[in-house]
Amino acid sequence: MSEFGDGNITAVLYDFAANAFAEDTKLSSAYIPPYVTKIENNSFSYPAKMMVYGKSGSYAEEYAKSRNMKFSAVDAPITGISFAESEVFADRSKTIVLPMNITPEFDTDTITFSSSDENVATVKENGVINTKNYGTVTISASTSGGKTATCALRVLSDGTIIKFEAEKNGDTANVHIETGIVPAGAVVYIAAYDRDGVLTSFTAADLTDYTVDTTIPINGARKLKAFIWDPKILKPLTPAKEINI
């Protein structure tokens, strides 16, 4: 329970559907966040008995006056903001919300969300994220008081090799692979074949955060093939992906 001015908050309100707090005789005061822009007229049965706390000039103040509710202006800037996780993984074509840690609990700042690459994921004003394509994007949250927080969002596809690159380095090739979400313990097998399709070298690499950086011996032009293997079920999780080097 927090205290604003001369009254105690008995509820922090987020849902203002019709009759949402009808017949709630114990609801005497409430904090309404500044991002709320719509409240039904019949959300409260006893508005005249209530004290509304909110940001000066916000919709909360406008609504309180229109319903003859007492209103107390609150100035409570955000002093700390962070995402609950610094890195989050999600599949594409999903709608997600990233949990946040915000202090104080009852704040009056406006939070603006943004995405570093809207081709990978977009984020709405209320923080709802829509993932679109493979890749990594930074989701940022900025308060009107100058506080910021970021989270790395990696958009993946289940059990697929998203990126497969190789660069010659003398008698070896530096290989970089990025995968979708795979079971713990899964490995990537990489094989090199000559022009006649003869296997010339083979290596296995563990996945670290769904990424592999390794080398494989080569001697001349090679075709590299890679696939994800699950040692628990002794089966490949994906078809082989090929590149020429």
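Here is a yes/no grid of residues against (1) closer than 22 Å to PHE89 by Cβ; (2) part of a strand (DSSP E or B); (3) modelled with pLDDT under 95; (4) outside the structural domain of ASP91 (by TED's automatic domain parsing):
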residue	(1), (2), (3), (4)
HIS176	yes, yes, no, yes
ALA184	yes, no, yes, yes
ILE190	no, yes, no, yes
THR203	no, yes, no, yes
THR215	no, yes, no, yes
GLY220	no, no, yes, yes
TRP229	yes, yes, yes, yes
LYS232	yes, no, yes, yes
THR238	yes, no, yes, yes
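Yes/no matrix, rows are residues, columns are (1) in contact with a helix residue (DSSP H, G or I) (Cβ under 6 Å, 6 or more places away or on another chain); (2) modelled with pLDDT of 80 or more; (3) of a type in the set (A, V, I, L, M); (4) assigned by TED's automatic domain parsing to the domain that holds GLY145:
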position	(1), (2), (3), (4)
ALA18	no, no, yes, no
ASP24	no, no, no, no
PRO33	no, yes, no, no
MET50	no, yes, yes, no
GLU87	no, yes, no, yes
ALA90	no, yes, yes, yes
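State all residues of the range 42-93 that are closer than 30 Å to ILE129 by Cβ, of a type outside the set (Asp, Glu) and more than 32 Å from the chain's Cα centre (by Cα); if no residue qualifies, say none. Within the range 42-93, TYR63 is the sole residue that qualifies. Here the range 183-201 is the region considered, the condition is being within 27 Å of the chain's Cα centre (by Cα) and over 13 Å from ALA226 (Cβ atoms), and the residue that is surrounded by the most Cβ atoms within 10 Å (Cβ to Cβ) is PRO183.
When the range 136-160 is filtered for residues that are in a strand (DSSP E or B) and β-branched (Val, Ile, Thr), the ones remaining, listed by number, are THR136, VAL137, THR138, ILE139, THR143, THR148, THR150, VAL155.
Restricting attention to the range 39-56, the residues that are in a loop (DSSP other than H, G, I, E, B) and small (Gly, Ala, Ser) total 3. For the range 202-245, which residues satisfy the criterion of being of a type in the set (Gly, Ala, Ser) and surrounded by fewer than 17 Cβ atoms within 10 Å (Cβ to Cβ)? Result: ALA204, GLY220, ALA221, ALA240. Those residues that are small (Gly, Ala, Ser) and closer than 15 Å to SER144 by Cα, I need them from the range 77-92; list them, please. Passing the criteria: GLY80, SER82.
The set of residues in the range 29-51 being touching a Leu at 6+ places or on another chain (Cβ under 9 Å) and of a type in the set (A, V, I, L, M) consists of ALA30, ILE32, VAL36, ILE39, MET50.
The values are calculated or read from the model by the stated rules, or taken from the named source; none is laboratory data. Here the structure is a predicted model, which is why all the values come from computation and not from measurement. Every residue, glycine as well, gets a Cβ built from its backbone with ideal geometry; the counts of neighbours run over all protein chains shown.
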